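A short worksheet on the structure shown next.
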Amino acid sequence: MSPHPTDPAANLRAISEDINNALKEAGRESRTVTITAVTKKQSAERILPALAAGQRVFGENRVQEAQEKWPALREPFPDIELRLIGPLQSNKAADAVRLFDVIETVDRPKIARTLAQEMEKQSRRLKLLVQVNIGEEDQKAGVAPREADAFLTLCREQYGLTIDGLMCIPPADDDPAPYFALLAKIAARNGLAELSMGMSADYRIAAQLGATSVRIGTAIFGARP
Ligand SMILES: *Cc1c(COP(=O)(O)O)cnc(C)c1O
């Protein structure tokens with residue numbers, strides 16, 4: 001599919017059909033996959049047609065950019081779910097807890113502890129995913145696959161956090177399938193239901209390998225400015 005930059009609604013319909021076909025192919029047609037529309041660097045003008053088409057789940061990778069854009073967009077659409085999919089610094093944790101509904105990038109003890117404190121303070125319970133550095137790349141955030149079980153236990157036992165699932169970004173130039181399969185395996189052995197994996201280039205295969213949400217920017221909105 002080549003995205004039509006000015007028609008996010010049509011792109012969303014095509015992606016949704018693609019996912020359903022991929023699930024059918026894999027014999028998993030009873031599953032549903034949430035599309036997180038990734039709006040980083042996209043203007044409100046670009047985002048509005050997706051909202052008009054009924055899209056309600058959105059992803060941003062920077063707290064400050066999301067703070068600038070989303071409060072106004074959200075006002076007429078109180079059922080929007082906003083997901084943080086980029087790295088979170090401790091000094092932004094309070095803002096993140098205030099703004100987001102889901103944080104997909106819990107990746108170290110300090111941020112786990114800070115989020116636990118902030119959620120308590122604000123009486124807000126966010127859905128939390130742990131980011132796994134699935135290809136063990138130096139430049140990527142996330143816990144190493146072999147440290148994931150211990151980190152999940154720490155989040156649960158030390159900080160009293162409920163972790164709902166895992167998120168990953170596989171290495172850019174490799175076949176993503178083995179990485180998606182590994183993430184699914186780590187989630188299964190830890191009893192975690194949510195798997196955020198798959199982007200514009202690989203959401204079909206991610207859906208087939210068990211993604212419960214895919215994070216898609218370019219294929220919906222066109223190239224980022
Ligand atoms: C930007 C981004 C995406 C979306 O990437 P596309 O290739 O444009 O679909 C997904 N996940 C994360 C973490 C991102 O930062």
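Residues in region 43-54 include none that are crowded, with 20+ Cβ neighbours inside 10 Å and in contact with a Gly (Cβ under 8 Å, 6 or more places away or on another chain). Filtered by the rule that a residue be open to solvent by less than 50 Å² (accessible area, probe 1.4 Å), more than 9 Å from the ligand (Cβ to nearest atom) and farther than 16 Å from Ile134 by Cα, region 195-209 gives Ala207, Gln208.
Any residue at all in region 150-161 that is open to solvent by 50 Å² or more (accessible area, probe 1.4 Å), among the acidic types (Asp, Glu) and over 20 Å from Leu209 (Cα atoms)? Yes: one or more hits.
The set of residues in region 124-147 being free of Cβ contacts under 8 Å to residues at least 60 places away in the same chain, within 16 Å of the ligand (Cβ to nearest atom) and closer than 25 Å to Asp174 by Cα consists of Val130, Gln131, Val132, Asn133, Ile134, Gly135, Glu137, Gln139, Lys140, Ala141, Gly142, Val143.
Residues that are free of Cβ contacts under 8 Å to residues at least 24 places away in the same chain and either within 16 Å of the ligand (Cβ to nearest atom) or surrounded by 14 or more Cβ atoms within 10 Å (Cβ to Cβ) (or both) within region 63-88 comprise just one, Arg74. Regarding region 25-42, can at least one residue be identified that is part of a helix (DSSP H, G or I) and out of contact with any Gly (no Cβ under 9 Å at 6 or more places or on another chain)? Within region 25-42, one or more residues are part of a helix (DSSP H, G or I) and out of contact with any Gly (no Cβ under 9 Å at 6 or more places or on another chain). Can you tell me which residue in region 210-225 is farthest from the ligand (Cβ to nearest atom), limited to those that are crowded, with 23+ Cβ neighbours inside 10 Å and not in a helix (DSSP H, G or I)? My answer is Ala211. For region 95-123, enumerate the residues that are over 21 Å from Leu192 (Cα atoms) and either assigned to a loop (DSSP other than H, G, I, E, B) or within 16 Å of the ligand (Cβ to nearest atom) (or both). Scanning region 95-123 gives Ala96, Ser123. Can you pull out every residue in region 181-197 that is among the small types (Gly, Ala, Ser) and in contact (Cβ under 8 Å) with a residue 40 or more places away in the chain? If the condition is that a residue be among the small types (Gly, Ala, Ser) and in contact (Cβ under 8 Å) with a residue 40 or more places away in the chain, then Ser196 is the only one that fits.
Counting the residues of region 180-194 that are within 14 Å of the ligand (Cβ to nearest atom) and open to solvent by 10 Å² or more (accessible area, probe 1.4 Å) gives 0.
Is it the case that some residue within region 148-161 is modelled with pLDDT of 95 or more, within 16 Å of the ligand (Cβ to nearest atom) and either within 20 Å of Gly59 (Cβ to Cβ) or in a loop (DSSP other than H, G, I, E, B) (or both)? Taking every residue of region 148-161 in turn, none turns out to be modelled with pLDDT of 95 or more, within 16 Å of the ligand (Cβ to nearest atom) and either within 20 Å of Gly59 (Cβ to Cβ) or in a loop (DSSP other than H, G, I, E, B) (or both).
The values are calculated or read from the model by the stated rules, or taken from the named source; none is laboratory data. Note that the structure is predicted; figures quoted are calculated from it, not measured. Methodologically, a virtual Cβ is constructed for each residue, glycine included, from the backbone with ideal geometry; neighbour enumeration extends over all protein chains shown. Accessible surface areas use protein heavy atoms only, side chains included; no ligands, DNA or RNA. Shrake-Rupley method; radii C 1.70, N 1.55, O 1.52, S 1.80 Å.
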